[in-house]
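Just below is one structure, and these are the notes that go with it.
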Amino acid sequence: MVLGELVKLRAMGPADAAALWRWNHDPDVMRWMDDNHPSTLEHVEKWLADRPRNTYGDLLLGVEVSSDGRLIGLVALRDAEPETGIAELDIYLGEKDYWRKGYATDAMRTVCRYGFDAMRLHKISLTVVTENLAAQQVYKKVGFVEEGRLRQSFRRDGKWYDQFTMGLLEGELR
Ligand SMILES: CC(C)(COP(=O)(O)OP(=O)(O)OC[C@H]1O[C@@H](n2cnc3c(N)ncnc32)[C@H](O)[C@@H]1OP(=O)(O)O)[C@@H](O)C(=O)NCCC(=O)NCCS
């Protein structure tokens, strides 16, 4: 368990499958996210049950609201390698009633602090669709800066969108 000010980050298991399946089928939540082909609830349950425990290179944590214990989303740090000290970050909050209340900002601060302090990372990177202004606002608030633009690298409803790559170095977390 990793504690933030508003949220707790904790390991996920098969009991979280129903929430994850519901979020993955919500077009508002998935609007600017890469989505996989549709899957059944049973597949999601099996994936969570079979998934190896969290490791340095593959860390998946549920975001739980401290005040009511509700699971509202997840964060992931993936592809970290000790040789480079760089990891990729993903975040999404699937419970829309909890948007715009500061939970993503706190979850970002908490997972990045964990990455820099506990994992000794040097850098955390992410990509975000240029149209996803809410996510960019969260990333900038905690200190991420734009590093580049990936042209036409995200496709949604037959249209191509650019993405920004953003990065946060150790010492830059706000
Ligand atoms: C993007 C997301 C993580 C934000 O979560 P959240 O808990 O609502 O974020 P916070 O409340 O911490 O902060 C949201 C910030 O974005 C701002 N914001 C929200 N909607 C906005 C919009 N349409 N345009 C500009 N800023 C916006 C808010 O005002 C707030 O900034 P402020 O605190 O400076 O006022 C959440 O909406 C989500 O998971 N969306 C779906 C998945 C997704 O897009 N994930 C990111 C993929 S890269």
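The table for this structure:
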read-out	value
Test for Trp32: is it within 16 Å of the chain's Cα centre (by Cα), part of a loop (DSSP other than H, G, I, E, B), aromatic (Phe, Trp, Tyr) and closer than 28 Å to Asn132 by Cα	yes
Tally of residues being over 14 Å from Leu173 (Cα atoms) and out of contact with any strand residue (DSSP E or B) (no Cβ under 6 Å at 6 or more places or on another chain) across region 104-130	2
Single match in Ala134, Ala107 (criterion: near the ligand (Cβ under 9 Å from one of its atoms), aliphatic (A, V, I, L, M), surrounded by fewer than 20 Cβ atoms within 10 Å (Cβ to Cβ) and within 23 Å of Leu20 (Cα to Cα))	Ala134
Checklist (1) touching a Leu at 6+ places or on another chain (Cβ under 8 Å); (2) over 26 Å from Thr165 (Cα atoms) applied to Leu6, failing item	(1)
Close pairs from region 136-154: first free of Cβ contacts under 8 Å to residues at least 60 places away in the same chain, partner part of a loop (DSSP other than H, G, I, E, B) and more than 13 Å from the ligand (Cβ to nearest atom), Cβ under 6 Å, at least 6 apart	Gly143/Glu172; Gly143/Leu173
Pair list, Cβ < 9 Å and 6+ apart or interchain, from region 13-34 residues that are among the acidic types (Asp, Glu) to residues that are within 13 Å of the ligand (Cβ to nearest atom) and in a helix (DSSP H, G or I)	Asp26/Lys96; Asp28/Lys96
Which listed residue, of Leu168, Leu126, is within 14 Å of the chain's Cα centre (by Cα) and in a strand (DSSP E or B)	Leu126
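Okay, residues lined up against (1) more than 26 Å from Thr165 (Cα to Cα); (2) within 11 Å of the ligand (Cβ to nearest atom); (3) assigned to a loop (DSSP other than H, G, I, E, B):
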| residue | (1), (2), (3) |
| --- | --- |
| Ala18 | yes, no, no |
| Asp28 | no, yes, no |
| Asn36 | no, no, yes |
| Lys46 | yes, no, no |
| Val75 | no, yes, no |
| Asp79 | no, no, no |
| Asp90 | no, yes, no |
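Readers should treat all values here as calculations from the given coordinates under stated rules, not as data from a laboratory. These numbers were taken from a predicted model, which means no experiment stands behind them. So basically every Cβ, Gly included, is an ideal-geometry build from the backbone, and we count neighbours across all protein chains shown.
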